[in-house]
Amino acid sequence: MGNLFCCIQVDQSTVAIKETFGKFEDVLEPGCHFLPWCLGQQVAGHLSLRLQQLDVRCETKTKDNVFVNVVASIQYRALANKANDAFYKLSNTRSQIQAYVFDVIRASVPKLLLDDVFEQKNEIAKAVEEELEKAMSAYGFEIVQTLIVDIEPDEHVKRAMNEINAAARMRLAANEKAEAEKILQIKRAEGEAEAKYLSGLGIARQRQAIVDGLRDSVLGFSVNVPGTTAKDVMDMVLVTQYFDTMKEIGASSKSSAVFIPHGPGAVRDVATQIRDGLLQGSFAEQP
């Protein structure tokens, strides 16, 4: 109906290409336009000014001979002031953009190792964008944004990378565990050394207390009981300790059996042996 009345409607975010007898004449903005077909005027086509996106999947290899699939997203749009160039100069915009992307990616990625490809994907995207902007601006298109959205190596390569990462983490964990065990052993040894040192101090103090107690007992008994000598008092104390020891051995159900010669005449021998042992120990401790 619009063509019958020589009127045409151009939608928003779209421009129309006006021709007269097959020759470009003007770019029609959104709205209603009068085109008398009898004068040879017609619309050759419409061109969208909306932002468009093209996803390009490119297979290439890295410097360390690993094949990867690089997925790039190209966001572009036609320029209103260059609509005639965008309409007439390119026959297949998407295919030509894809060719430029292939060219840049296959020139950039083979210079990088696989790990560097992941780290420098922004640099790759920037190189693609610069090349596309320089090439497509002459055809009336603007490259708005270029993104490297995915880098996919072969499944076996990904599995190997995961195994390498897992092995590195296990090695780190083993080192940390060994360091922890080392610290525990050091602390345990320090604790044992401190315990033995304190135990030695306790034994020394115990012996000193025993000696002091025996000395006080001997002195007190000699004063209160006239006519006794220090030897008599020492024999009595040693005999008392002997019977206390026998009592403790007999009272304990889990103690080992100890056989000691026992009899009225053996008590003096036991006392002599204990006294000689204490005297020898005292002489040995003296410097």
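Counting only strands (runs of 3 or more DSSP E) wholly contained in the range 26-94, the ones carrying 1 or more residues that are over 30 Å from Asp150 (Cα atoms) and out of contact with any His (no Cβ under 6 Å at 6 or more places or on another chain) occupy 31-34, 41-48. Residues in the range 54-85 that are within 19 Å of Glu130 (Cβ to Cβ) and of a type in the set (S, T, N, Q): Thr60, Ser73, Gln75. Every test in (1) more than 18 Å from Glu130 (Cα to Cα); (2) in contact (Cβ under 8 Å) with a residue 12 or more places away in the chain; (3) not in a strand (DSSP E or B) is passed by Asp115 save one, and that test is (2).
Can you confirm whether the range 183-190 contains a residue that is more than 27 Å from the chain's Cα centre (by Cα) and under 30 Å from Val68 (Cβ atoms)? There is no residue in the range 183-190 that is more than 27 Å from the chain's Cα centre (by Cα) and under 30 Å from Val68 (Cβ atoms).
Residues that are among the hydrophobic types (A, V, I, L, M, F, W, C) and within 30 Å of Glu152 (Cβ to Cβ): does the range 35-52 have at least one? Within the range 35-52, one or more residues are among the hydrophobic types (A, V, I, L, M, F, W, C) and within 30 Å of Glu152 (Cβ to Cβ). Sub-7 Å Cβ pairs linking a first residue in the range 37-51 that is free of Cβ contacts under 8 Å to residues at least 40 places away in the same chain to a second residue that is of a type in the set (Asp, Glu), at least 6 apart or interchain, are Gln42/Glu19, ordered by first then second residue.
Filtering the range 140-173 down to residues that are touching a helix residue (DSSP H, G or I) at 6+ places or on another chain (Cβ under 7 Å) and either more than 30 Å from Tyr88 (Cβ to Cβ) or exposed (fewer than 15 other Cβ atoms within 10 Å of the Cβ) (or both), which residue is modelled with the highest pLDDT? If you could, list the steps in order and put the result at the bottom.
Let us first name the residues in the range 140-173 that are touching a helix residue (DSSP H, G or I) at 6+ places or on another chain (Cβ under 7 Å), namely 140-141, 143, 146-148, 151, 153.
Narrowing the set further to residues that are either more than 30 Å from Tyr88 (Cβ to Cβ) or exposed (fewer than 15 other Cβ atoms within 10 Å of the Cβ) (or both) leaves 148, 151, 153.
Numbers: Ile148: 90, Ile151: 87, Pro153: 85.
Among those that are touching a helix residue (DSSP H, G or I) at 6+ places or on another chain (Cβ under 7 Å) and either more than 30 Å from Tyr88 (Cβ to Cβ) or exposed (fewer than 15 other Cβ atoms within 10 Å of the Cβ) (or both), it is Ile148.
The values are calculated or read from the model by the stated rules, or taken from the named source; none is laboratory data. Note that the structure is a prediction, hence the values are computed from the model and not measured. Using ideal geometry, Cβ is built from the backbone for each residue, glycine included, and neighbour counts are taken over all protein chains shown.
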